[in-house]
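Contents: one structure, followed by commentary.
The values are calculated or read from the model by the stated rules, or taken from the named source; none is laboratory data. All values reported here derive from a predicted model rather than from experimental measurement. No Cβ is skipped: glycine too gets one built from the backbone with ideal geometry, and neighbour counts run over all protein chains shown. The accessibility values were calculated without ligands, DNA or RNA, using every heavy atom of the protein model including side chains. Shrake-Rupley method; radii C 1.70, N 1.55, O 1.52, S 1.80 Å.
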Amino acid sequence: MKISQVAVEVVRVPVDHPYTAGGRAVDANWHVLARITTSDAIEGIGYIVYPRPDLMTTIGSAARELGEHLIGMSVLEPEAAWEKLARRGDWVGPGGLLHCALAPLDIAVWDANGKTLGQPLHRLLGGFRDRLPTYASDGLWVSLSPGELAASAKQHVANGFGAVKLRLGKEAAPEMEARRVQAVREAVGPDVRIMVDAVESWTLARARRTGRVLQDAGIAWLEDPVHHSDVAGLADLRRRLEVPIAAGEHLYHLDAFRALLEARAVDVVILDLARVGGVTPWRKIAGLAQAHRVPVCGHVVPEIQVHLLSAVANGHMVEYVPRSAGILRAMPRIENGELVAPQGPGLGLELDETAVRRHRVV
Ligand SMILES: [Mg+2]
């Protein structure tokens, strides 16, 4: 169970249908993929994924350098491994690029840990359940017209989803933003939950006005209405609106989540596995949220987040965006609107090695 080898690759997986997000054209999902081999020939994998090339090869180099310090450590001691690597890079952390480089290594350690013990990650980390509700988040972009958005949402519901999340922030008038929600509501019927993500695109004043209109349109949550650093603004919105406020995917450190929770600024905490630095810190943030009676959700990587969210009692929903489907043999299956955690040991995921080789950049 001692780590004998660590390898890191950067993999660019082209998307089937290029789209625009945050004003940028997206044509590929970039991965930093870590592999850990143990003395008893167990391989653990871990990766982060982002739909932009910026700094991905740099993060890959940082992960490769940090990974050298894992040699000789046990995959049964992920806390010790995380702390050791975090200390090596502490002069550029916590957070930022350091966490993004740490995350694939930490995930790979946990995967190898589960494979060594013969247990799937959702059990190893707590075992609260083995599945949880999922929502479709792909193909519901801000660049689409209300009609296109409605057609895309309807397709997701036909594919088995009971909830969808739209991106907003395009329209100047609150009523026009609400029109997008109404178009989707008409297409999917009354029983499908509709969440909206404003991707930090509004001022506080606009978020107050638009939030009220969207609340009346029947949304299930309002995500990232204002910039993540505006904790007071989020808390203000939470007091004024009846719709749940969701935020957290841009935060890196436990302390930032503590500030968000202590300010009573959110009803739902969203965790990005790359930014928080992997599974090891993820668990602490989820526990902190539970202490504040706040449920947690994952940001992207549903095939990994489903394990983490199933493990804890306050796991809420999995965001389904299959950004890594192109390098995996299979994605977890969806049953009755729920994503089922893989039952194999560790992550229970198998890489499509031919695809990894084909898309490998470094
Ligand atoms: Mg979001």
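The table that follows gives values for the structure above.
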read-out: Separation between Cα centres of the stretch 207-259 and the stretch 321-362, rounded to whole Å; value: 31
read-out: Accessible area of the chain divided out per residue, in Å², using a probe of 1.4 angstrom; value: 40
read-out: HN-Hα J in Hz across the stretch 177-182 - Karplus 6.51, -1.76, 1.60, θ = phi - 60°, x for Gly and Pro; value: 4, 5, 4, 5, 5, 5
read-out: Estimated inter-spin distance, GLU186 and ARG12, nm [label 7 Å along Cα→Cβ]; value: 4.2
read-out: For the chain, projected area of the alpha-carbon convex hull averaged over all directions, nm²; value: 16.3
read-out: Lysine pair number, Cα distance threshold 22 Å (strictly under), the chain, separation 8 or more or different chains; value: 5
read-out: Gained length - HIS227 relative to LYS284, 0.36 nm times residue gap less alpha-carbon distance; value: 18.2 nm
read-out: The chain: angle of helix 204-216 to the longest principal axis, Cα-based, in degrees nearest 10; value: 70
read-out: Stretch gain in nm, segment GLU148-LEU55, where the contour uses 0.36 nm per residue and the Cα spacing is subtracted; value: 30.2 nm
read-out: Over the chain: helical MRE at 222 nm, DSSP H runs n ≥ 4 each giving -39500 (n - 2.57), nearest 500; value: -12000 deg cm²/dmol
read-out: Spin-label pair ALA313/LEU117, simplified geometry with 7 Å Cα→Cβ offset, distance in nm; value: 2.0
read-out: Computed FRET value (nearest 0.05) for GLU171 with ALA25, which takes r as the C-beta separation and R₀ as 25 Å; value: 0.75
read-out: Dipole of the chain, positive direction: furthest Cα of ALA291, LEU349, PRO78, with charges on the beta-carbon; value: ALA291
read-out: Inter-label distance, nm, simple model (7 Å from Cα along the C-beta direction), LEU204/ASN336; value: 4.5
read-out: From phi via Karplus (6.51, -1.76, 1.60), per-residue ³J(HN,Hα) for the stretch 159-171 in Hz, x at Gly/Pro; value: 7, x, 7, x, 7, 9, 10, 9, 8, 10, x, 8, 8
read-out: Carbon/sulfur fraction of accessible area - the chain, other protein chains in place, 1.4 Å, %; value: 50
read-out: GLU79/GLN155 FRET efficiency (R0 41 Å; Cβ-Cβ; nearest 0.05); value: 0.45
read-out: Distant-in-sequence amide H partners of ALA220 (H built 1.01 Å from N, under 5 Å); value: ILE194, MET195, VAL196
read-out: Three semi-axes of the equivalent ellipsoid, the stretch 265-359, Cα gyration tensor, whole Å, largest first; value: 26, 14, 12
read-out: About the Cα centre, charge dipole magnitude for the stretch 122-340 (Lys/Arg +1, Asp/Glu -1 at Cβ), debye; value: 280
